[in-house]
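Everything below concerns the one structure shown next.
The values are calculated or read from the model by the stated rules, or taken from the named source; none is laboratory data. Bear in mind that the values here come from a model prediction, so they are computed numbers and not experimental data. Neighbour counts run over all protein chains shown; Cβ positions are idealised from the backbone, glycine included. For the accessible areas, the whole protein counts, side chains as well, though only heavy atoms, and no ligand, DNA or RNA atoms are used. Shrake-Rupley method; radii C 1.70, N 1.55, O 1.52, S 1.80 Å.
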Amino acid sequence: MTHDHDLVLRPTEAQTAAALNPPAGRNGGDLVVETLAGLGATTVFGLPGQHALGMFDALRRSALRYVGLRVENNAGFAADAYGRITGEAAPLLLSTGPGALTSLAALHEAAAASAPVLAVSSQIPTAGLGGGRHGYLHELPDQSASFRGVVKSVHTVRTQSQIPSAIAAAWRSALTAPHGPVWVEIPQDVLLAETSVPVVTAVDATPDELPPRPELTAVAADLLSRAARPAIIAGGGVVRSDAAGKLRQLAETLNAPVVTTYGGKGAFPWQHPLSLQSWLEDRHTTDFLEDADVLLVVGSGLGELSSNYHTFKPRGRVVQIEADLGKLESNHPALGIHADARLALQALLETVTPRADDTAAGRVRELLARVAERIAGQGLTLEQDVLASVRQALPAGSPSFWDMTILAYWAWSAFDAEAPNLMHSAQGAGGLGYGFPAALGAAAADPSRPVLAVSGDGGALYSVAELATAKQYDLPVTWLVVDDGGYGILREYMTDAFGEATATELTRPDYVALAESFGVPGTRTTPENLAADLAKALATPGPSVVVLPALLRMFAPTHLDSGER
């Protein structure tokens, strides 16, 4: 009788031969790239540094494709986007100390957005570890401590034989729901030393599943089936688990209106009769959701942006499905179901009873009309026209990546993402500089379709070095820079709060001339010509820059004590 724990994977003849006769000249860095390839990685991002040269030397002996950016933080953003687009754990190769630390903001965004990034960093030589101050270049008392509060898991290597297992464990961690960035660090001497460890040929690191507890989904299904006014909030977890189809089926079975969070855009069809779209920063929407007698929250922690700045106070029963245990019931009491969104939605589909409700679609139309009326009364035609021009120019199936800028804040609420996983922004952690390098990572994942990046002139200054990356790898990214002469949203915030703005005005370059100096075509456009100029740039192979000088304004908030409705 054979038991599961008795099963052993037998090596092939080729694997045995490779193990017995490893090629000469391999080092610890080869173990890194061999393990990554064995896990299924095809592309790595990063930036070389003195302590990490063992890994980068090994790249030339591997089939892995390397995409090198000019700043480690931007390399992290590119890896983040690659992970979001492909669902793979994107490898990010970094050097010790300053190089590693420069990636922290990008890893923070990946953690907040649950993007799978596998960061592999060098470390000072093993002789310098242990807490003493030896004065090595790039030395930190405890490098991994700088990342432990940011990434999902930390994996420390001290010998070459630990490398394959540590990287495999990190890979599994990054891809187990909730996805996230992970950290592996390997000392310089371990990477450089010649190795006798056999060639790594295949590694099993299948992510763990996170199924729901059946007694919880049974209760949830009963609540939803008997609800008079059910509603659904769909977050990024629906997109990441590829559960949009199951969400739509459940919504239609229950006749439940659906609103998507900003991270969950595209999880539900924008023009569907049950679609409340993404108008979460609107009191009409908040009131509608508060009136639900059963509210299903899938793949969202109902954080600040998803709860209209914590003004949302549900009056009915809340059922929350969330893979991140720390987010479960962290903002509202609920029937909390710790599970992957796809598995939980499938369980609900198998147990709910269909609801007949001929009022749901009408209530959705009425709400969207009230939202549109509120926005129409604020004299924001320019902003709506600019956003419509972007939507018109962007081809179907092309992803877009948005920096923290006023046009992106509009897009969170008002932009039709068209399909799952096509609109991405830095609203997880909220740092500047995300849009353009992230778009480069997406283009590296799929160069067959154009990619759009959107930045303000302030955020663009974080990323201009990557014009060289776009040109070097001929990546099909069109970068729209909305130039309003400063940090536009901060200008609004400060003017509203204090009567005038401080430290928000910027001296900036001529972005068209700057792009052309890198050999990247640049176009200066106007709101009237934006759709045509942007469409032309997106249709042209390779990178391009479109600059729109415009002063955009935000719609009035509804979470303040202004009485605005």
Quiz item: Picking from 430, 488, 459, 441, which residue would you name as being at positive phi and among the small types (Gly, Ala, Ser)?
Solution: 430
Practice problem: Evaluate region 457-476: report whether one residue or more is in contact with a helix residue (DSSP H, G or I) (Cβ under 6 Å, 6 or more places away or on another chain), among the acidic types (Asp, Glu) and at pLDDT 95 or above. | Solution: yes
Quiz item: in contact (Cβ under 8 Å) with a residue 40 or more places away in the chain and surrounded by fewer than 20 Cβ atoms within 10 Å (Cβ to Cβ), is that true of residue 309?
Solution: yes
Quiz item: What tally of residues in region 48-77 results from selecting those that are over 17 Å from residue 98 (Cα atoms), in a helix (DSSP H, G or I) and either open to solvent by 10 Å² or more (accessible area, probe 1.4 Å) or among the basic types (Lys, Arg) (or both)?
Solution: 3
Practice problem: Determine whether region 112-135 contains at least one residue that is part of a loop (DSSP other than H, G, I, E, B), in contact (Cβ under 8 Å) with a residue 24 or more places away in the chain, open to solvent by 10 Å² or more (accessible area, probe 1.4 Å) and within 20 Å of residue 460 (Cα to Cα). | Solution: no
Practice problem: Select from region 544-558 the residues that are touching a helix residue (DSSP H, G or I) at 6+ places or on another chain (Cβ under 8 Å), open to solvent by 30 Å² or more (accessible area, probe 1.4 Å) and not aliphatic (A, V, I, L, M) and list them in ascending order. | Solution: 553
Exercise. Look through region 449-504, keep the residues that are touching a Lys or Arg at 6+ places or on another chain (Cβ under 9 Å) and assigned to a strand (DSSP E or B), and return whichever of them is most open to solvent (accessible area, probe 1.4 Å).
Key: 483
Practice problem: Considering every residue within region 176-191, establish whether at least one is charged (D, E, K, R) and in contact (Cβ under 8 Å) with a residue 60 or more places away in the chain. | Solution: yes
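For (1) touching a residue at least 12 places away in the same chain (Cβ under 8 Å); (2) outside any strand (DSSP E or B); (3) touching a Phe, Trp or Tyr at 6+ places or on another chain (Cβ under 6 Å), each residue gets a yes or a no:
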| position | (1), (2), (3) |
| --- | --- |
| 512 | yes, yes, no |
| 523 | yes, no, no |
| 535 | yes, yes, no |
| 541 | yes, yes, no |
| 547 | yes, no, yes |
| 551 | yes, yes, no |
Quiz prompt | Among residues of region 388-408, those that are under 19 Å from residue 550 (Cα atoms) and in contact with a His (Cβ under 8 Å, 6 or more places away or on another chain), counted | solution = 1
Exercise. With the condition kept exactly as written, say whether any residue in region 379-399 is more than 20 Å from residue 532 (Cβ to Cβ) and buried (at least 20 other Cβ atoms within 10 Å of the Cβ).
Key: yes
Quiz item: in a loop (DSSP other than H, G, I, E, B) and over 30 Å from residue 409 (Cα atoms) - does that describe any residue in region 301-309?
Solution: no
Practice problem: Pull up region 136-150, narrow it to residues that are out of contact with any helix residue (DSSP H, G or I) (no Cβ under 8 Å at 6 or more places or on another chain) and either in a loop (DSSP other than H, G, I, E, B) or farther than 19 Å from residue 72 by Cβ (or both), then point me to the one that is most open to solvent (accessible area, probe 1.4 Å). | Solution: 141
Practice problem: Could you tell me which numbered condition residue 250 fails, if it satisfies all but one of (1) within 25 Å of residue 403 (Cα to Cα); (2) out of contact with any Phe, Trp or Tyr (no Cβ under 8 Å at 6 or more places or on another chain); (3) in a helix (DSSP H, G or I)? | Solution: (1)
Quiz item: Within region 347-367, is there a residue that is more than 27 Å from residue 228 (Cβ to Cβ) and either at pLDDT below 95 or part of a helix (DSSP H, G or I) (or both)?
Solution: no
Exercise. Identify the single condition in (1) among the acidic types (Asp, Glu); (2) over 23 Å from residue 430 (Cα atoms); (3) crowded, with 19+ Cβ neighbours inside 10 Å that residue 281 does not satisfy, given that it satisfies every other one.
Key: (2)
Quiz item: Filtering region 516-543 down to residues that are polar (S, T, N, Q) and open to solvent by 10 Å² or more (accessible area, probe 1.4 Å), which residue is nearest to the chain's Cα centre (by Cα)?
Solution: 540
Exercise. Would you mind stating whether residue 411 is open to solvent by 30 Å² or more (accessible area, probe 1.4 Å), on the phi < 0 side of the Ramachandran plot and either of a type in the set (Gly, Ala, Ser) or in a strand (DSSP E or B) (or both)?
Key: no
Practice problem: Output the number of residues of region 246-278 satisfying the condition of being of a type in the set (S, T, N, Q) and open to solvent by less than 10 Å² (accessible area, probe 1.4 Å). | Solution: 4
Quiz item: Given the structure, is residue 342 in contact (Cβ under 8 Å) with a residue 24 or more places away in the chain and within 23 Å of residue 226 (Cα to Cα)?
Solution: yes
